[in-house]
Amino acid sequence: MLICLHGSSGSPKEWGSFPEAIAPHMRIHRLKGEIPDNGGHTFFSKRPDRSLDPAEMAARADQLAVRIVALASGSRAPLLLGFSSGATIAAAAIQRHPALAAGAILLRPEPPFAAPPFADPPTHRLEGLPILILAGAHDERRAPDAADVLARQLRAVGAAVDLYTLDIGHAWQPDGLDQQLARDWIARLTVK
């Protein structure tokens with residue numbers, strides 16, 4: 001199962017055929033953020049200066065985890081696919097609930113926490129959890145080192161992170177390199 005999390009002010013429709021293109025043999029679920037946001041929805045709010053509130057991020061990640069567990073009930077742990085704020089909340093949910101997912105594809109994420117909540121105890125580690133991060137080298141909505149910081153945080157607790165920085169901005173490429181890299185990464189997972 002592939003669970004898709006859209007970006008800020010977005011909707012599940014923004015994914016188009018991208019999920020089916022990268023995971024043609026998986027069941028696809030597109031979740032909608034619960035917070036109205038500029039004509040669309042989002043999974044969490046930001047402060048007026050656009051910074052993240054760690055307490056809200058933790059609470060929203062926990063709420064999302066409940067939704068994912070209910071959706072995947074009776075199935076194997078799902079893969080998460082997130083874009084922008086959807087990628088950020090996916091990273092937060094994995095950090096707070098290490099057994100939540102079988103892996104994640106994070107397109108243009110930022111670190112949800114400056115100090116991740118999973119360093120101790122050791123049972124909160126992400127040993128071997130496969131994570132693909134696709135960053136934009138010219139992403140105007142992210143700090144230049146955002147993807148590197150998140151990758152380091154996840155690797156520090158054992159996640160198997162593949163990080164690619166593409167020669168693009170924040171927008172993702174539904175039919176381009178994002179799709180190719182995500183599809184190839186999923187194919188490698190299924191042959192193991």
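Miscellaneous remarks
- Counting only DSSP H runs of at least 4 residues, each contributing -39500 (n - 2.57), and dividing by the residue count of the chain, the helix-based mean residue ellipticity at 222 nm comes to -10000 deg cm²/dmol.
- Under a 5 Å amide H cut-off, with hydrogens placed 1.01 Å from N, ILE168 pairs with ALA137, HIS138 among residues at least 5 apart or on other chains.
- GNM top mover of GLY33, GLY16, GLY86 - the chain, alpha-carbon springs below 10 Å: GLY16
- Our summary gives the chain a relative contact order of 19 percent, counting only alpha carbon pairs under 8 angstrom and 6 or more residues apart.
- Computed log₁₀ I(q)/I(0) - Debye formula, equal Cα scatterers, no solvent, the chain, q 0.10 Å⁻¹: -0.35
- HN-Hα J in Hz across segment 132-144 - Karplus 6.51, -1.76, 1.60, θ = phi - 60°, x for Gly and Pro: 10, 10, 10, 9, x, 5, 10, 6, 6, 9, 10, 4, x
- Less than 5 angstrom separates the built amide H of LEU163 from those of ILE133, all sequence-distant by 5 or more or on a different chain.
- Inter-part distance where segment 26-49 and segment 129-177 are each reduced to a Cα centre, Å: 20
- Distant-in-sequence amide H partners of SER8 (H built 1.01 Å from N, under 5 Å): SER85, GLY86
- Neighbour-count order for MET57, MET26, fewest beta carbons within 10 angstrom listed first: MET26, MET57
- Residue order, fewest to most beta carbons within 10 Å, for THR165, THR190: THR190, THR165
- By average C-beta atoms within 10 angstrom, highest first, the peptides 42-50, 2-10: 2-10, 42-50
Each reported figure results from applying straightforward, stated rules to the coordinates on display, with no laboratory input. Since we're looking at a predicted model, the values are computed, not measured. We place every Cβ from the backbone using ideal geometry, glycine too, and count neighbours over all the protein chains shown.
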